[in-house]
1. Can Ile203 be described as within 16 Å of the ligand (Cβ to nearest atom), over 18 Å from Arg91 (Cβ atoms) and of a type in the set (A, V, I, L, M)?
2. Out of all the residues in the stretch 125-184, which are among the aliphatic types (A, V, I, L, M) and under 20 Å from Phe270 (Cα atoms)?
3. Consider the stretch 327-342. How many of its residues are assigned to a strand (DSSP E or B) and farther than 16 Å from Trp499 by Cβ?
4. Residue pairs, Cβ under 7 Å, 6 or more apart or interchain, first in the stretch 234-245 and under 12 Å from Arg222 (Cα atoms) and modelled with pLDDT of 95 or more, second away from the ligand (no atom under 16 Å from the Cβ) and among the hydroxyl-bearing types (Ser, Thr, Tyr). List them.
5. Answer yes or no: is there a residue in the stretch 217-237 that is within 13 Å of the ligand (Cβ to nearest atom), more than 21 Å from Tyr170 (Cβ to Cβ) and surrounded by 18 or more Cβ atoms within 10 Å (Cβ to Cβ).
6. State yes or no: is Ala247 part of a helix (DSSP H, G or I), away from the ligand (no atom under 16 Å from the Cβ) and out of contact with any strand residue (DSSP E or B) (no Cβ under 9 Å at 6 or more places or on another chain)?
7. I'd like the full set of residues that are among the aromatic types (Phe, Trp, Tyr), in contact with a strand residue (DSSP E or B) (Cβ under 8 Å, 6 or more places away or on another chain) and assigned to a helix (DSSP H, G or I), limited to the stretch 220-240.
8. Ile324 versus (1) in contact (Cβ under 8 Å) with a residue 60 or more places away in the chain; (2) part of a helix (DSSP H, G or I): which is the lone unmet condition?
Amino acid sequence: MSRLTASPAWQALGRHREQMAEQQVRSLFAADPTRFERFSFESCGILLDYSKNRITAETVGLLADLARERDLEGWRARLFAGDPINTTEGRAVLHTALRQQTNEPVRPGGADDAITEVRSVMNRVRTFVDGVRFGSITGLSGRRFKDVVNIGIGGSDLGPLMVAEALLPYHHPDLRVRFVSNVDGTNLYDTLDWLDPETTLFIVTSKTFTTEETMTNARSARNWFLTEGGTEADIGKHFIAVSANEAEVRAFGIGPESTFSFWDWVGGRFSLWSAVGLPVALATGMERFDALLAGANAMDEHFRTAPLESNMPVLLGLLGVWAINFLDAPAQAVVPYDQYLHRLPAYLQQLDMESNGKSVDRDGCAVDYATAPVIFGEPGTNAQHSFFQLLHQGTRPIPVDFLAAAESHNPFGDHQRLLLANMLAQSEALMRGRTVEETRAELEASNTPNARLEALLPHKVFEGSRPSNTLLYRKLDPFTLGALIALYEHKIFVQGVIWNLNSFDQWGVELGKSLARTIGAELATGPSAAHDSSTIGQIRWLRPRMVLDTE
Ligand code: G6Q
């Protein structure tokens, strides 16, 4: 048994689970008309309703005991103070410093004040963004930029992409932002096909500036630019870099005046608040980007100061632990009833699964409990017509996070009412289910013949008590979006603390990267005997059939 599973709070939750196993959530609602008031609250413009989970006040108390026992408050203080809590990489974790609204110094691992450095880079970002948006910074022929292409992958893509999509209503009407991430040439080809090199600005975003996909795309974009009429002398005007590795940026040919730095204390998947957010700032303007940061900071302050039992990220994290470790939930669905959040599930897949998808704890010991769930999702109502069947009647509980705005950016006729009705209906149906008696009554009322009724009955029953959280906000504006993202960042941190994980490294992505380098060479020369027969067989099948552009 690990220290966690042997701990008094964990054991107490295990006993409590036995009491809760048969507890129907609909009965809890029936017994307590104030359940919504007791298990919902608002912070930073977001209402969290967690009343549809299989919990009582005792569950919340026991979960908070677990958090205290794991010293969540201590870890939270170390996070904000800039202690090197990313121990395997010896780094501080200070994405919160990027959105700090005061000038109070923060020293990552005791080094120079991070806030001063952040302010200095962001002032340059501000000047650049205003210059491009107002037309004083232009391309080679003096024409205004019309297209911005961000070249990056993982943390250097998913965050800015998700936010740029979410804030589409705030975009500059004459500046389009596009994202190229995949090393599949189709991604770059499809993007470049529409572009005029004279009015295109490329942002090469890479913390390390060595990531194979990004550097391959960046080199191909540069070749395209030169082939389409640009000259070497124009590169500095059309290619800018966002990176923590200045030496590699120089080696690529981008000068200091076109480089925006960030730091090793900003993890890739937490970097959108730095100059990595440039595509968002260019598209929406610096005021909006500032509001995004302010929203995230408001959630930071809530996370830092609110009591554990009424602390939104803490509760979301603990409810996840309850579902994963005590109710055996293998996955977590994220379903925004907000089309502009259509990339949120993809973004959260990285944030959560790369942070906590681990089977070894901070001390290097194998864990004996489940960690990160599989995160998946799609916007509602589309999701209802695909995977909701499994959520309602599958064999295991899959918690759902529903998200929705009261007000749409596009108030077409009756759409928003229908959208919200569907979301409310789904969370109610998941929670309430439909008993055998209710199903029978319904079939009888519709005059279903008896034999058919008996055959259909088991298929039409819903177990119910399927957990969900609902997050409601007035409108998806930059401030609210910032708060929402920070909410999930901290939720994941909370879970990492409970599970005793380092949520800030990602060693699991390395093995495939190094094998890809070897196999890349062997696709040209032939496979070595070092591989298994499957890999060798596939290399042999592919080699004579591959068609490469060798120009
Ligand atoms: C995120 C990860 C990873 C990273 C990409 C891109 O936390 O570290 O997704 O963001 O591998 O790395 P570069 O920014 O260095 O190109």
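1. Against the criterion (within 16 Å of the ligand (Cβ to nearest atom), over 18 Å from Arg91 (Cβ atoms) and of a type in the set (A, V, I, L, M)), Ile203 qualifies.
2. Hits for the stretch 125-184 are Val125, Ile151, Ile153, Leu158, Leu161, Met162, Val163, Ala164, Ala166, Leu167, Val180.
3. So the first thing to find is which residues in the stretch 327-342 are assigned to a strand (DSSP E or B), and the list is 331-337.
Checking which are farther than 16 Å from Trp499 by Cβ leaves us with 331, 333-337.
So the answer is 6.
4. Between residues of the stretch 234-245 that are under 12 Å from Arg222 (Cα atoms) and modelled with pLDDT of 95 or more and residues that are away from the ligand (no atom under 16 Å from the Cβ) and among the hydroxyl-bearing types (Ser, Thr, Tyr), the close pairs are His238/Thr200; Phe239/Ser258; Ile240/Ser258.
5. Start the filter on the stretch 217-237 by keeping residues that are within 13 Å of the ligand (Cβ to nearest atom), which leaves 217-218.
Adding the requirement that they be more than 21 Å from Tyr170 (Cβ to Cβ) leaves 217-218.
Retained after the next criterion (residues that are surrounded by 18 or more Cβ atoms within 10 Å (Cβ to Cβ)): 217-218.
Yes: one or more hits.
6. Numbers: part of a helix (DSSP H, G or I): yes; away from the ligand (no atom under 16 Å from the Cβ): no; out of contact with any strand residue (DSSP E or B) (no Cβ under 9 Å at 6 or more places or on another chain): yes.
In short, no.
7. Residues of the stretch 220-240 among the aromatic types (Phe, Trp, Tyr): 224-225, 239.
After this cut, where a residue has to be in contact with a strand residue (DSSP E or B) (Cβ under 8 Å, 6 or more places away or on another chain) as well, the list is 225, 239.
Residue satisfying the conditions is Phe225 alone.
8. Only one criterion is unmet by Ile324, namely (1).
The values are calculated or read from the model by the stated rules, or taken from the named source; none is laboratory data. What you see is a predicted model, and the numbers here were worked out from it, not measured in a lab. Here Cβ is always computed from backbone atoms with ideal geometry, including for glycine, and neighbour counts include all displayed protein chains.
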